[in-house]
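Input: a single structure, listed below in structure tokens.
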Ligand SMILES: CC(C)(COP(=O)(O)OP(=O)(O)OC[C@H]1O[C@@H](n2cnc3c(N)ncnc32)[C@H](O)[C@@H]1OP(=O)(O)O)[C@@H](O)C(=O)NCCC(=O)NCCS
């Protein structure tokens, strides 16, 4: 028995060496020049890989596993290679290694290559790659090493020749960057696509590199309006934190604002990062509206603000309220006790909404629950806990708001 146990442990230990963290093993790359292929500094890794490899984000059966998914910078033509230093075999180890290729093939579309020479010829063809659709907006970003770089935002749809295949390659990044991503039914013509490209120079020619994109679904609203809903947005990791997300969201917002049939702009199940970005962009847009002038902010959230944000910028009431809290914080002298208290109460009043609902539910329960059942609910609804949670939410909100105010100031 002891021998069996220790034999089992040895086996377990040995097999554990054949487990790889797939967030590390998946190596992504956007290739502009042939030398990028061997340059480890241009590799980036997924945030998530559970949708492809299961919740533990582990691939079994390999030592030193590397799953290379390299894309040409513009057209995203793909090189897919699996490398490892050793692999379990059914014959010697009596276990089977995960079928990496099958898992990756489920997400990458046909047309990829496993051969570096073929990939290099894809790379040469990238010189002919041009952005899809119509140009909406162009901007420049100053880069320490490269100087002034130019970016362009395009609006495309499935009628653009070649776009469908390109989009199939582009959306593979969703699986690695968004926790609960799914591929969309791109045949539905209610989708709009917005794409960001960087213009760069290669051998004296101007080429385009893919930076990020957003998908928006146009919902119909009775009788004659639409409500565009942002579905997915990514800025590819090498470009994150440079302001492209904000540029993209603002360009998309301005585009829909110009369409009379649009009622307002919403988002599907927005992530925390997206909400922060949206708060920044909407605040930037609202700060020049007369109803959001400093002296009006200190008087409270008004119907005028709701109306002006809706009519001029297609912003709904909930989002306008957040913008108001951010701009009011900027207009508030927090060293003035009265102003600071008024501000705190104003934000906490909104945050308190869900807690008040809990309180009402507790009152109702008190009437119909047995004492022992009531005790178990009391824990969740304890007022002291609620008070602490409220304070925490308040501090978090104000922290986020301050960062947005700093960002607005740095852009001014
Ligand atoms: C969320 C996401 C779209 C943001 O795109 P982004 O291009 O990185 O956004 P920005 O650069 O405009 O802003 C991101 C941060 O960089 C900072 N930043 C922007 N430009 C900067 C600059 N020049 N220097 C320093 N910091 C800068 C911003 O202040 C912001 O900071 P914050 O997060 O503290 O508010 C991107 O990170 C992403 O694709 N994430 C993975 C997918 C995802 O979560 N999508 C959203 C839900 S679908």
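The values are calculated or read from the model by the stated rules, or taken from the named source; none is laboratory data. Note that the structure is a prediction, hence the values are computed from the model and not measured. Don't worry about glycine lacking a Cβ; one is built from the backbone with ideal geometry, like all the others, and counts go over all protein chains shown.
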Tally, over segment 238-264, of residues that are within 17 Å of the chain's Cα centre (by Cα) and either within 19 Å of residue 318 (Cα to Cα) or free of Cβ contacts under 8 Å to residues at least 12 places away in the same chain (or both)
5
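Quick one: in segment 217-238, which of the residues that are more than 19 Å from residue 310 (Cα to Cα) and in contact with a helix residue (DSSP H, G or I) (Cβ under 9 Å, 6 or more places away or on another chain) is farthest from the ligand (Cβ to nearest atom)?
Of everything passing the filter in segment 217-238, 238 is farthest from the ligand (Cβ to nearest atom).
Considering only segment 285-368, give the helices (runs of 4 or more DSSP H) lying wholly within it that have at least 3 residues that are surrounded by 15 or more Cβ atoms within 10 Å (Cβ to Cβ).
Of the helices (runs of 4 or more DSSP H) lying wholly inside segment 285-368, those with at least 3 residues that are surrounded by 15 or more Cβ atoms within 10 Å (Cβ to Cβ) span 303-313, 317-331, 337-368.
A quick yes/no check of all residues on (1) surrounded by 17 or more Cβ atoms within 10 Å (Cβ to Cβ); (2) out of contact with any helix residue (DSSP H, G or I) (no Cβ under 7 Å at 6 or more places or on another chain); (3) outside any helix (DSSP H, G or I):
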site: 121; (1), (2), (3): no, yes, no
site: 131; (1), (2), (3): yes, yes, yes
site: 164; (1), (2), (3): no, yes, no
site: 168; (1), (2), (3): yes, yes, no
If you go through segment 242-266 one residue at a time, how many are more than 8 Å from the ligand (Cβ to nearest atom) and in contact with a strand residue (DSSP E or B) (Cβ under 7 Å, 6 or more places away or on another chain)?
10
Among the residues of segment 201-209, is there at least one that is more than 20 Å from the chain's Cα centre (by Cα), buried (at least 18 other Cβ atoms within 10 Å of the Cβ), at negative phi and more than 14 Å from the ligand (Cβ to nearest atom)?
yes
Residues 183, 194: which one is buried (at least 21 other Cβ atoms within 10 Å of the Cβ), more than 9 Å from the ligand (Cβ to nearest atom) and either more than 13 Å from the chain's Cα centre (by Cα) or not assigned by TED's automatic domain parsing to the domain that holds residue 311 (or both)?
194
Every residue in segment 243-284 that is out of contact with any helix residue (DSSP H, G or I) (no Cβ under 7 Å at 6 or more places or on another chain), over 19 Å from residue 211 (Cβ atoms) and assigned to a helix (DSSP H, G or I), please.
256, 272, 275
Considering only segment 390-397, I want to know if a residue exists there that is surrounded by 15 or more Cβ atoms within 10 Å (Cβ to Cβ), at pLDDT 95 or above and not in a helix (DSSP H, G or I).
no
Which residues, taken from segment 48-100, are part of a loop (DSSP other than H, G, I, E, B), surrounded by fewer than 19 Cβ atoms within 10 Å (Cβ to Cβ), without any contact (Cβ under 8 Å) to a residue 60 or more places away in the chain and touching a helix residue (DSSP H, G or I) at 6+ places or on another chain (Cβ under 7 Å)?
96
Before we move on, is residue 36 assigned to a loop (DSSP other than H, G, I, E, B) and either at pLDDT 95 or above or surrounded by 14 or more Cβ atoms within 10 Å (Cβ to Cβ) (or both)?
no
All but one of (1) surrounded by fewer than 20 Cβ atoms within 10 Å (Cβ to Cβ); (2) in contact with a helix residue (DSSP H, G or I) (Cβ under 9 Å, 6 or more places away or on another chain); (3) in contact (Cβ under 8 Å) with a residue 40 or more places away in the chain hold for residue 113, so report the exception by its number.
(3)
Give the residue that is nearest to residue 32 (Cα to Cα), with candidates limited to residues of segment 133-160 that are assigned to a loop (DSSP other than H, G, I, E, B) and without any contact (Cβ under 8 Å) to a residue 24 or more places away in the chain.
146
Just to check your reading of the model, which residue among 277, 297 is within 26 Å of residue 349 (Cβ to Cβ) and more than 16 Å from the ligand (Cβ to nearest atom)?
297
